[in-house]
Amino acid sequence: MISPDFKQISSEQFLEQIITGKLNALVKFTSAWNGSAQLLCQTLDDLATQYTGKVNFFLVDTEEEEQLAKAYQVNSTPTILFFKQGTLVDKFSGLAQKSVLSNKIEQLTSL
């Protein structure tokens, strides 16, 4: 289960809300069957709660949105993309400690 602070989005919503909407966003690309992605859920839920109002948190299912995953060269899950006002500024794949992700979010909000 994902946090209410995370919004699952489609390709169309991705374009409209993140790119055109010029949001600061963390986008987690994942799949339901991926164990590593499940391990990262609690960390990301905590960060979504901590950074509410500063960064928007989104979830993209790579099986449902294959074209979007290909467009951003998501070759493994979990992969997290960081957007500053609609522009991709950082990308991270695999598991990470909360402090690493928090530092990346801090950089995003201070750019």
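The values are calculated or read from the model by the stated rules, or taken from the named source; none is laboratory data. Keep in mind the model is a prediction, meaning the values are calculated, not measured. For neighbour counting, all protein chains shown are included, and Cβ atoms are generated from backbone atoms with ideal geometry for every residue, glycine included. The area values use the complete protein model at the heavy-atom level, side chains included, leaving out ligands, DNA and RNA. Shrake-Rupley method; radii C 1.70, N 1.55, O 1.52, S 1.80 Å.
A 1.4 Å probe run over the chain, with the rest of the protein chains in place, finds 54 Å² accessible per residue. Model label sites at GLN50 and SER110, defined 7 Å from Cα along the beta-carbon direction, differ in position by 1.4 nm.
What number does the range 37-81 give for Rg over Rh if you use C-alpha atoms and the Kirkwood radius? That ratio equals 1.01.
Here the 3J(HN,Hα) profile of the range 98-108, calculated from phi with Karplus coefficients 6.51, -1.76 and 1.60 at θ = phi - 60°, is 4, 5, 5, 5, 4, 4, 5, 5, 4, 4, 5 Hz, Gly and Pro shown as x. In this label model, GLU64 and SER99 are separated by 3.6 nm, measuring between points 7 Å along each Cα→Cβ vector. Amide H to amide H distances under 5 Å link ASN56 with ASN24, ALA25, LEU26, where only residues 5 or more positions off or on other chains count and H is placed in the peptide plane.
Counting only protein heavy atoms and a probe of 1.4 Å, the accessible surface of the range 1-101 is 51% carbon and sulfur. Each Cα pair under 8 Å and six or more residues apart adds its separation to the average, and for the chain the resulting relative contact order is 36 percent. If you take all other residues with their beta carbon under 11 Å from the beta carbon of SER10, and give Lys and Arg +1 and Asp and Glu -1, the sum is -4. Calculated [222 nm] ellipticity per residue, helices only, for the chain: -9500 deg cm²/dmol; basis is -39500 (n - 2.57) per DSSP H run with n ≥ 4, divided by all residues, nearest 500. DSSP bridge analysis restricted to the chain gives an antiparallel fraction near 55%, rounded to the nearest 5. Bridging of LYS70 to aspartates and glutamates at a Cα separation below 17 Å is possible for GLU12, ASP61, ASP90, once same-chain residues fewer than 8 apart are set aside. With kT/(6 pi eta Rh) evaluated at 25 °C and eta = 0.890 mPa s, and Rh the Kirkwood radius from Cα pairs, the chain diffuses with a coefficient of 179 µm²/s according to Stokes-Einstein.
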